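These notes concern the structure reproduced below.
Each reported figure results from applying straightforward, stated rules to the coordinates on display, with no laboratory input. In this text the structure is predicted, and so the values were computed from the model without any measurement. Using ideal geometry, Cβ is built from the backbone for each residue, glycine included, and neighbour counts are taken over all protein chains shown.
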Amino acid sequence: MFSEITKHLAHYFSLLAIIGVSFWGLITFPYDKGMQTAIAISLGTAFVIWGLIHHWIHDDLHPKVILEYIATATLGIAILLIVIWQA
């Protein structure tokens, strides 16, 4: 398992960068719920695109994987939007 992580380290670093920049944006704009909403949706979209590219490069992109990334992103966006609009 550790060899799989190190083998894809550049991919995971780019994913962490996407998530990090998104959370930085969420923290930077606490006063603008519209901007935070756009950031949350952009994060979900970037996550799906990252996942599709990652699996396409490694030749294991299947409809099940696509649906899994879309479902995970949708759930994450929903949770973020609930937190943003309830605060």
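Farthest towards the positive end of the charge dipole of the chain, among the residues T6, G44, W85, is the Cα of W85, using unit charges on the Cβ of Lys, Arg, Asp and Glu. Please check which bits of segment 8-24 a label hung off V83 would reach, taking the label as a point 7 Å along Cα-to-C-beta and the cut-off as backbone N under 11 Å. Inside the label zone: 23-24.
Remark: relative contact order (segment 2-86) = 30 percent; criterion is Cα-Cα distance under 8 angstrom and separation of 6 or more residues. Angle of helix 9-28 to the longest C-alpha principal axis of the chain, folded into 0 to 90 degrees and rounded to 10: 0°. Helix 33-57 and the longest principal axis of the C-alpha atoms of the chain enclose an angle of approximately 0°.
Rounded to the nearest 10 degrees, the inclination of helix 63-86 to the longest alpha-carbon principal axis of the chain is 20 degrees.
Expressed in units of 2.2 N^0.38 Å, where N is the residue count, the Cα radius of gyration of the chain is 1.21. Note on the chain: GNM, Cα springs under 10 Å; of A38, A46, A73, the largest mean-square fluctuation is that of A38.
Stretching the chain fully between L67 and T28 yields a gain of 10.9 nm (0.36 nm per residue, less the alpha carbon separation). Loop-located chymotrypsin sites (Phe, Trp or Tyr not before Pro) in segment 21-77 (DSSP state other than H, G, I, E, B) with a sparse environment of at most 15 neighbouring Cβ atoms within 10 Å: Y31.
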